[in-house]
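Since every read-out is calculated from the coordinates, none of them should be taken as a lab result. Keep in mind that what you see is a predicted model, and the values were worked out from it rather than measured. Glycine also receives a Cβ, built like all others from the backbone with ideal geometry; neighbour counts cover every protein chain displayed.
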Amino acid sequence: MRRPVIAGNWKCHTRLESARALAAGLRERVDALDGIEKVVCPPFVYLSAVREALAASSIRLGSQDVHWEDDVAATGEVGPQMVAELADYAVIGHSERRHQFGETDEMVNRKVKAALAAGLKPIMCVGETLEERQADLTEQVLMRQTRSGLAGVELPDGFIIAYEPVWAIGTGTPATGEDAASASAAIRQEVAAMFGPDKAETIRILYGGSVTPENIAEFMSQANIDGALVGGASLRVDAFSSIVEEAARVKAGAR
Ligand code: PEP
């Protein structure tokens, strides 16, 4: 049985006090909820403060990116061992990093390897643009990003891949449950081709793109989808908590 995960990506939002308040509010609402991994990914500069606010709680911490090396001349970057001192997870290859900051498949691969070596759990993001979907290239893109991102990786059980169609991120237009499920199936198939079907059965695939409390059930009810990566709605205690609660309810019912 794959353990579901709901991760909140705070992106370049919050300030010190609002980050603390958001963490405290979430702690109050979902700390006691079992059977689901809850992760928040604040900006790097607030990792310490949010870690303090979540100390001894069941809510885990992730970074939104990670560099592929520590102890190098790489101004502005944050190394994997640094992140691992504060957090358990690292989002890698988010579409905003790929499309706004020129991150390549090869960079994603280096980051995944370095994060694993530092003891972090990567949340590796893949997803097609609208143009790629319209040109019927979705599967091809997902296969390429999965294959390149995981090349030469010693894949741990439970590894997390987030399927995030670029056109659905922050747009209010989510994929349908059916489309997200078929994309997730293609990703799992690619992992099976690389690492064998048994390993592929253990990996967790999250859907991301305009997830809300109202639509989360549609995604969680798909057998191939094990959770969600949530952007906008993760900035509101009530919305993110409702997503976590609903996701746990749907997956518990499916067992
Ligand atoms: C994201 O940032 O990964 C994301 C899916 O954002 P949103 O939920 O706002 O679409």
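General remarks:
- Based on Cα contacts under 8 Å between residues 6+ apart, the chain shows a relative contact order of 21 percent.
- Close lysine pairs were tallied over the chain: pairs 8 or more places apart or on different chains with Cα atoms under 19 Å apart number 9.
- Rg in Å to one decimal, and Dmax rounded to a whole Å, for the stretch 24-150 via C-alpha atoms: 16.1, 48
- Phi-based couplings in Hz for the stretch 126-135 (Karplus 6.51, -1.76, 1.60; Gly and Pro marked x): 9, x, 8, 7, 4, 4, 5, 5, 5, 8
- The charge dipole of the stretch 209-255, taken about the Cα centre with unit charges on the Cβ atoms of Lys, Arg (+1) and Asp, Glu (-1), comes to about 140 debye, rounded to the nearest 20.
- Distant-in-sequence amide H partners of Lys121 (H built 1.01 Å from N, under 5 Å): Tyr89, Ala90
- For the stretch 71-129, the ratio of Cα radius of gyration to the globular rule of thumb 2.2 N^0.38 Å stands at 1.11.
- At q = 0.07, 0.17 Å⁻¹ the log10 of I(q)/I(0) for the chain amounts to -0.20, -1.36, computed by Debye summation with a single uniform scatterer per C-alpha, solvent ignored.
- Every helix of 4 or more DSSP H residues in the chain counts as -39500 (n - 2.57), and over all residues that averages to -13000 deg cm²/dmol at 222 nm.
- Distance distribution P(r), the stretch 2-89, all Cα-Cα pairs, bin width 10 angstrom from 0: 17, 49, 27, 7, 0 percent.
- Distant-in-sequence amide H partners of Asp226 (H built 1.01 Å from N, under 5 Å): Ile205, Leu206, Tyr207
- Taken over the stretch 123-212, the convex hull of the Cα atoms encloses 87 Å³ per residue.
- Cβ-based net charge around Tyr46, under 13 Å, with every Lys or Arg adding one and every Asp or Glu removing one: +2
- Residue among Ala56, Ala19, Met124 farthest towards the positive dipole end of the stretch 1-138, charges placed on Cβ: Ala56
- Summing Lys and Arg as +1 and Asp and Glu as -1 over all other residues whose Cβ lies under 14 Å from the Cβ of Ser95 gives a net charge of -4.
- Near Pro174, once Lys and Arg are set to +1 and Asp and Glu to -1 for all other residues with Cβ below 11 Å from its Cβ, the sum equals -4.
- Note on Cys125, Cys12: ascending count of other Cβ atoms within 10 Å places them as Cys12, Cys125, the fewest first.
- Backbone geometry of the stretch 65-79 corresponds, through the Karplus equation with coefficients 6.51, -1.76 and 1.60 at θ = phi - 60°, to 3J(HN,Hα) couplings of 5, 7, 7, 8, 8, 9, 6, 9, 7, 9, 4, x, 8, 10, x Hz, x marking Gly and Pro.
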